[in-house]
Amino acid sequence: MEHSTSTLQNDDWERELKAFDDSKAGVKGLVDKGVTKIPQIFNAFNDDTPSETSPPQEFDLQIPVIDLGFDNGGVRRRDIVDKVRDASEKFGFFQVVNHGIPKEILDEMKEGVRRFHEEPYDVKKEYYSRDRSKKVKFSSNFDLYQAKTANWRDTLFCNMAPEPPQPNEFPTACRDITICYSEHVRKLGLTILELLSEALGLKPKHLEEMECMKGQFILCHYYPACPEPDKTIGAKVHTDPTFFTILLQDHIGGLQVLHQNHWIDVKPVEGALVINMGDLIQLISNDKFKSVKHRVLANSVGPRISVACFFTTLRNESDRVYGPIKDLLSKDNPPIYKETTVRDFNIQFNSKLGASSTLEYLRI
Ligand code: OGA
Ligand code: NI
């Protein structure tokens, strides 16, 4: 199936995009209508990124699962820091268990996301928006009009920090749990940031003092069951434009990480949270930690629910300049990246969506 999206946008394609957006019903709306074929805007094989058209063979390797329990500040902590360093360098991804967030909170968060996405159309459509100033909004494919093809998923977006929304801005279906989960995940984020600081050989509060957790937003994803899962994708190949991300996924699976040119499944582990490095930590760590490409496969089984907590600022919240951390540099380890503000990084990211990575643009 050929479709030259960059030069000749056909009218059908434009019409389909607009009709989909105007429906305000997302992918779930298509599924509810009973579609048996995916609309062409979702056809991932129109996407010519190499890793998409020729997926490397799958291989049976696991990303590390790190037990954060029993941390008594002694030998055990050094052991955890070593594992975090190792995983962040080699995979850019790891899972954590015994992380301190109660199972009931994780379960209720997933349930809250389900409740919202399964609300009647009239309730949900009130939240449907592409308005950049809105702190809480529902949409399908934030890059719908920029990307070559659309993802088979819907998302509720909540911008939680530095300036949280008013409680009445959240949908009632997930208001209380989103506010509660957001606080829990923030606390865990601080722990992870200490471990990452120590893993870089810095004092525990170094990354926090650099304001790597100043911004926090939560993406509540809903991946409906797909009638033609081999023809589309839940989430296209991407890296996260964050310092780091904490992801809660349900039992369905489908998240894959690129490792040495192979796709590795991030197997769902009961009660675990997935941590991944983003572009901004790769930049400040001068390539020590890797922001690794990942994707989510579409599935005939569903819905799949996941909640991604992104740590980065979104708007003009800071003039702070980020570059490779000076303490990490030496004659043998010169800076690889130019300095940037998160604001300029985001502008570059948004202008290059689906194209080459923002980090490459900043490479010296
Ligand atoms: C993301 C992401 C993975 C998932 O939101 O950036 O990679 O499993 N999500 O939903
Ligand atoms: Ni991601």
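The values are calculated or read from the model by the stated rules, or taken from the named source; none is laboratory data. The shown structure was predicted, so the numbers you read here are calculated from the model rather than taken from an experiment. Here the Cβ positions follow ideal geometry from the backbone for every residue, glycine too, while neighbour counts run over all protein chains shown.
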Checked 264, 246, 218, 252 against criteria (at pLDDT below 95 and outside any helix (DSSP H, G or I)); the one match is 264
Please specify each residue of the stretch 89-99 satisfying the condition of being over 16 Å from the mean Cα position of the chain (by Cα) and either free of Cβ contacts under 8 Å to residues at least 24 places away in the same chain or under 17 Å from residue 285 (Cα atoms) (or both).
89, 90
All-but-one check, residue 194 against (1) in contact with a Phe, Trp or Tyr (Cβ under 8 Å, 6 or more places away or on another chain); (2) away from ligand 1 (no atom under 12 Å from the Cβ), failing number (1)
Give just the number: which of (1) of a type outside the set (Asp, Glu); (2) within 15 Å of ligand 1 (Cβ to nearest atom); (3) not in a strand (DSSP E or B) does residue 289 not satisfy?
(2)
May I ask you to list pairs of residues, at least six apart or on different chains, whose Cβ atoms are under 8 Å apart, with the first in the stretch 272-293 being farther than 17 Å from residue 313 by Cβ and without any contact (Cβ under 8 Å) to a residue 40 or more places away in the chain and the second being within 12 Å of ligand 1 (Cβ to nearest atom) and in a loop (DSSP other than H, G, I, E, B)?
none
For the stretch 316-364, what are the residues that are part of a loop (DSSP other than H, G, I, E, B) and free of Cβ contacts under 8 Å to residues at least 40 places away in the same chain?
316, 319, 330, 331, 332, 334, 338, 339, 352, 355, 356, 364
Within the stretch 158-167, identify whether any single residue is part of a loop (DSSP other than H, G, I, E, B) and touching a helix residue (DSSP H, G or I) at 6+ places or on another chain (Cβ under 7 Å), and answer yes or no.
no
Find the strands (runs of 3 or more DSSP E) located wholly in the stretch 65-141 whose residues include 3 or more that are more than 17 Å from residue 269 (Cβ to Cβ), and list them.
136-139
Among residues of the stretch 199-248 being away from ligand 1 (no atom under 16 Å from the Cβ) and of a type in the set (Lys, Arg), the residue nearest to residue 342 (Cα to Cα) is 214
Evaluate the stretch 208-215: report whether one residue or more is more than 11 Å from residue 311 (Cβ to Cβ) and basic (Lys, Arg).
no
What single numbered condition from (1) within 14 Å of ligand 1 (Cβ to nearest atom); (2) farther than 20 Å from residue 324 by Cα fails to hold for residue 277?
(2)
Go through the stretch 181-222 and give me each residue that's among the charged types (D, E, K, R) and surrounded by fewer than 18 Cβ atoms within 10 Å (Cβ to Cβ).
183, 186, 187, 203, 205, 208, 209, 211, 214
So residue 258, is it within 17 Å of the chain's Cα centre (by Cα), within 14 Å of ligand 2 (Cβ to nearest atom) and closer than 30 Å to residue 33 by Cβ:
no
